[in-house]
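J.: The structure is given below, and queries will be raised subsequently.
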Amino acid sequence: MKFSLYLGRYSGIKVFIHWTFSLLLFWIVIANTRSGTPLAETGWTLLFIILIFLCVILHEFGHALTAQKFGIQTRDIILLPIGGLARLEKLPDDPKEELKVALAGPLVNLVIFFILLLILFFKGFDFYMEEAPALNGSTIWLYLASANFFLAVFNLLPAFPMDGGRVLRALLTLRMSRVKATEIAGATGQAMAILFVFFGLFNNPVLVLIGIFIFLGAQAEVNQTKQHSLLSGFTVEDALMSKFPVLAFDAPLQKAVEKLLDGQATHFVVVRDDQPIGTLSREGIVQGLHGQNAQVSIEDVTDKDPLKLEMATALEEALKNMSRQNKKVALVYEGHHFVGILDQENISEFIMVKDALAR
Ligand SMILES: [Zn+2]
């Protein structure tokens, strides 16, 4: 994780804290100094924030360790000023497992809440007070208990992809398809997100940020779930383009420009003796032209380290590889035999066709 401080690891899961977190602490110091808050109270506030985020880490471990029980690893846990994020390698497909993973986080906060209340109770803490007490060494635990209760309740709001939204999705999946369930949970999440933004504008800017994250996150996950369901069961062979434009490696770049302007093709296979040596995309051609050397040959601008895929590879896996390696086009082989190409636009068309047929 870029721009993050490594805090440590537990059960093979690394914990990072994002640098923007320091802005939050800095902002508290500035705000408190300007409002003339005593230094001791600012100190308690900082400690309080750090303790809350410690509880957030425990919350994320609730998710991560439960997922681990179902054989799903967690890449890492990252702490942002607006909350924590356990980046699971994948989500459980079984709705009952998803339900348990989603509930485990808020459950951790509820457990902390009850433990703190019990400790306060046995220490003879006086719970009856007229107004909110100042934050100090004896009240900090009461504040921390309340914060944990708030964290549990807030996370359980049905704002997909927050925990409560995942609970909703899992429950819906028991009665309908995962795609339909995700669409309903996603729409509910986006409606909640708009409420957060609206409420946050008048009360709390952090809530505005959270609202925006939820809104975008819900959309992304609905699309991803749809794509997953539409692509599953298909292989590279199903979306293969066996007709594709070729360019000779020793032709001048001008030849590629002509072919680009002449037809609809945006990706080319560069060949030497009928064997592909790489690919050339529209972007590559334009970049080559920026070099302003008219004598440049096609070989000079060819991507000679193309992504190679097997016919039998799952289509979803292929698409993941393409976006991970930032390749718009891949060469497809059957054994050692070159059979065609696969490009991202063609996969998008494939998804659109399947989506239309599914309706
Ligand atoms: Zn959570």
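J.: If I fit a long axis through the Cα atoms of helix 344-358 and take the longest principal axis of the Cα atoms of the chain, what angle between them do I get, 0 to 90°, rounded to 10?
T.: 70
J.: Here's something else I'd like to know. What distance in nm separates the simple spin-label points at Val271 and Lys96, each placed 7 Å from Cα in the Cβ direction?
T.: For the pair Val271/Lys96, the computed spacing is 5.5 nm.
J.: Okay, next question. Taking θ as phi - 60°, what are the ³J(HN,Hα) couplings along segment 242-259 by the Karplus curve (6.51, -1.76, 1.60), each to the nearest whole Hz, with x for Gly and Pro?
T.: 8, 9, 8, x, 10, 10, 6, 4, 9, 6, x, 4, 3, 4, 5, 4, 4, 5
J.: While we're here: What's the angle, to the nearest 10 degrees (0 to 90), between helix 39-69's Cα axis and the longest principal axis of the chain?
T.: Rounded to the nearest ten degrees, it is 50.
J.: Rounded to whole Hz and in sequence order, give me ³J(HN,Hα) for segment 164-178 from the Karplus expression 6.51 cos²θ - 1.76 cosθ + 1.60, θ = phi - 60°, writing x for Gly and Pro.
T.: x, x, 5, 4, 4, 4, 4, 5, 5, 5, 5, 10, 8, 5, 5
J.: What is the spin-label model distance, in nm, from Ser146 to Ile50 if the labels are put 7 Å beyond Cα along the C-beta direction?
T.: Placing both labels 7 Å along Cα→Cβ, they lie 2.2 nm apart.
J.: If R₀ is 30 angstrom, what is the calculated FRET efficiency for the pair His336 and Gln224, using the beta carbon separation as r and rounding to 0.05?
T.: The pair His336/Gln224 has a calculated efficiency of 0.30.
J.: Please report, as a whole percent, how much of the solvent-accessible surface of the chain comes from carbon and sulfur atoms (probe radius 1.4 Å).
T.: 62
J.: Moving on. Using Cα centres only, tell me the gap between segment 205-258 and segment 331-345 in whole Å.
T.: Centre-to-centre distance over Cα atoms comes out at 17 Å.
J.: Long-range amide H contacts for Gln73: which residues qualify at under 5 Å (H placed 1.01 Å from N, peptide plane, sequence gap of 5 or more or a different chain)?
T.: Glu89, Lys90
J.: Measure nothing but the geometry: give the 0 to 90° angle between the long axis through the Cα atoms of 20-34 and the longest principal axis through the Cα atoms of the chain, rounded to 10°.
T.: Computed tilt is about 40 degrees.
J.: If you bin every alpha carbon distance in segment 69-200 into 5 Å steps from zero, what whole percent lands in each bin?
T.: P(r) for segment 69-200, in whole percents per bin: 2, 9, 14, 18, 17, 14, 11, 7, 5, 3, 0.
J.: Further question: Using a 1.4 Å probe and counting only protein heavy atoms, arrange Trp44, Trp19, Trp27 so the residue with the most accessible area comes first.
T.: These residues rank, largest area first, as Trp27, Trp19, Trp44.
J.: Can you list, bin by bin at 10 Å, the percent of alpha carbon pairs in segment 236-358, starting at 0?
T.: Spelled out per bin, shortest first, that is 13, 44, 31, 11, 1, 0.
J.: Based on DSSP loop calls and a cut-off of at most 15 other Cβ atoms within 10 Å, the longest stretch of the chain free of exposed GluC sites (Glu not before Pro) is what?
T.: Counting at most 15 other Cβ atoms within 10 Å as exposed, the longest clean stretch of the chain is 132-359.
J.: Right, another one. For segment 258-297, I need the span (max minus min coordinate) of the C-alpha atoms along each principal axis, in Å, sorted largest to smallest.
T.: Cα extents, longest axis first: 28, 23, 14 Å.
J.: At 1.4 Å probe radius, can you tell me the per residue accessible area of the chain in Å²?
T.: 57
J.: Here is a further query. Using 5 Å bins from zero, what percent of all Cα-Cα pairs in segment 190-295 falls into each bin?
T.: Over segment 190-295, the share of Cα pairs per 5 Å bin runs 2, 10, 13, 11, 8, 8, 8, 9, 10, 9, 7, 4, 1, 0 percent.
J.: Too long at a 29 Å Cα-Cα cut-off: which of Lys96/Lys328; Lys14/Lys96; Lys226/Lys255; Lys226/Lys304; Lys90/Lys308; Lys14/Lys100?
T.: In this structure, Lys96/Lys328; Lys226/Lys255; Lys226/Lys304 lie more than 29 Å apart at Cα.
J.: Starting from 0.36 nm per residue, how many nanometres of slack lie between Arg282 and Val246 once their C-alpha separation is accounted for?
T.: Taking Arg282 through Val246 to full extension adds about 11.6 nm, to one decimal.
J.: Then there's this: Dipole of the chain, Cα-centred, from +1 at each Lys and Arg C-beta and -1 at each Asp and Glu C-beta, to the nearest 20 debye?
T.: Charge dipole, the chain, about its Cα centre: 720 debye, nearest 20.
J.: A follow-up question, please. Given segment 1-160 reduced to its alpha-carbon atoms as identical point scatterers, what log10 I(q)/I(0) does the Debye formula return at q = 0.14 Å⁻¹?
T.: So the normalised log intensities work out to -0.81.
J.: Kirkwood-based Rg over Rh for the chain (C-alpha set), two decimals?
T.: Rg/Rh for the chain comes to 1.11.
J.: To check you understand DSSP bridge types, tell me what percent of the beta bridges within the chain (both residues inside) are antiparallel, rounded to 5.
T.: Looking only at bridges with both residues in the chain, the antiparallel portion is about 70 percent.
The values are calculated or read from the model by the stated rules, or taken from the named source; none is laboratory data. Quantities reported herein were computed from a predicted structural model and do not represent experimental measurements. Backbone-built Cβ (ideal geometry, glycine too); neighbour counts: all protein chains shown. Calculation scope for accessible area: heavy atoms of the full protein, side chains included, ligands and nucleic acids excluded. Shrake-Rupley method; radii C 1.70, N 1.55, O 1.52, S 1.80 Å.
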